[in-house]
Structures are given as structure tokens and as C-alpha cells.
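Encoded as C-alpha cells, the structure appears first; notes follow it.
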């Protein structure tokens, strides 16, 4: 019987060792699994953070592009509005080209323009389509365009600022 007992003791000892080895293997497997999960979570968090940065950058770019486009549209609308204002001003000036009340003004403007020629021979013209006068030296060296259209063209940059300010202020 001693042999049976020895075999039984060896079996129990082998089973105990096997159970310990299985338990240790389980513990090691659980540790490996925890480390793998932590690594996966870390890589996932890094990927999410990287993607968020990319999306934030793309969104900022899209917002800036939209702002630039809106500014361009506002500037285009302002320029178109100013062009309409000045076109209408030109139309109104053409409509007044032959008003008798302006005749004395044209004579005054012609006399003033002649002073720029320093007594040289001059040609004074009244273009039929423009309110005002054009005074030129007979030799063509100097010309003073006193038409209202030319005056409007010279003053347009300054007037544009004021008209834009008035448009922004509203009625």
C-alpha cells in the first residue's frame, strides 16, 4: 500500500503544482491583458486627440475662409452700391447739363480756368453732353477740364469714403 500512497501523494502534489501553475498563468494572463488594454486605451486616446486637433484645425480654416468670403462679399456689395450711387449722380448731372441757372457758373469756371493758362491763347469748349467747360491752351500744352463729370471723377475717392460712411450709418 505504500506505493499506492506514494502515487496518491505524488498525484496530489502534481495536481497542486498544476493548479498553482494554472493560477500563476491566469494571473500572468490577466496582467498581460490589463497591459494590452491600457496600451490600446492609450493609443486610442492619442488617436482621438490627434483627430480632434486635425478637425479643430480644419474647422478654424473653414471659419477663416468663410470670414474672408463674407468680407469679400461685403466689399463687393459696397463697391457695387458706390458704383450705382455715382452712376445715378452722373445721370442727374447730365439731366442738368443745360439748365439756365448754371450758365453763369460755367462762365465763372471758364474765367477761372483761363487764369491757369497765364494769358496764353485758349480754346473754350462746352461739350454738349457735359455740364461745365473745358479750357485748353491753343497749342494743346494745358487743358483744364471743368466739366461736372471730370470734377466728380476727381472727387470720387473722397466722396466714396463719405458715401460709404453714410451708407453704413443708415437712414
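The values are calculated or read from the model by the stated rules, or taken from the named source; none is laboratory data. These numbers were taken from a predicted model, which means no experiment stands behind them. All Cβ positions, even for glycine, are placed from backbone atoms using ideal geometry, and neighbour counts span all protein chains on display.
Here are the numbers:
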| item | result |
| --- | --- |
| Filter result for the condition that a residue is assigned to a helix (DSSP H, G or I), in the same structural domain as residue 160 (by TED's automatic domain parsing) and surrounded by 10 or more Cβ atoms within 10 Å (Cβ to Cβ), over 12, 105, 26, 67 | 105 |
| Residue list for region 117-133, filter: within 30 Å of residue 164 (Cα to Cα) and surrounded by 13 or more Cβ atoms within 10 Å (Cβ to Cβ) | 130, 131, 132, 133 |
| Criterion (out of contact with any helix residue (DSSP H, G or I) (no Cβ under 6 Å at 6 or more places or on another chain), under 29 Å from residue 162 (Cα atoms), at pLDDT 85 or above and part of a helix (DSSP H, G or I)) met by exactly one of 114, 75, 82 | 75 |
| Sole residue being outside the structural domain of residue 89 (by TED's automatic domain parsing), under 43 Å from the mean Cα position of the chain (by Cα) and more than 23 Å from residue 87 (Cα to Cα), chosen from 156, 112, 143 | 143 |
| Residue 89 being in contact with a helix residue (DSSP H, G or I) (Cβ under 9 Å, 6 or more places away or on another chain) and part of a helix (DSSP H, G or I) | yes |
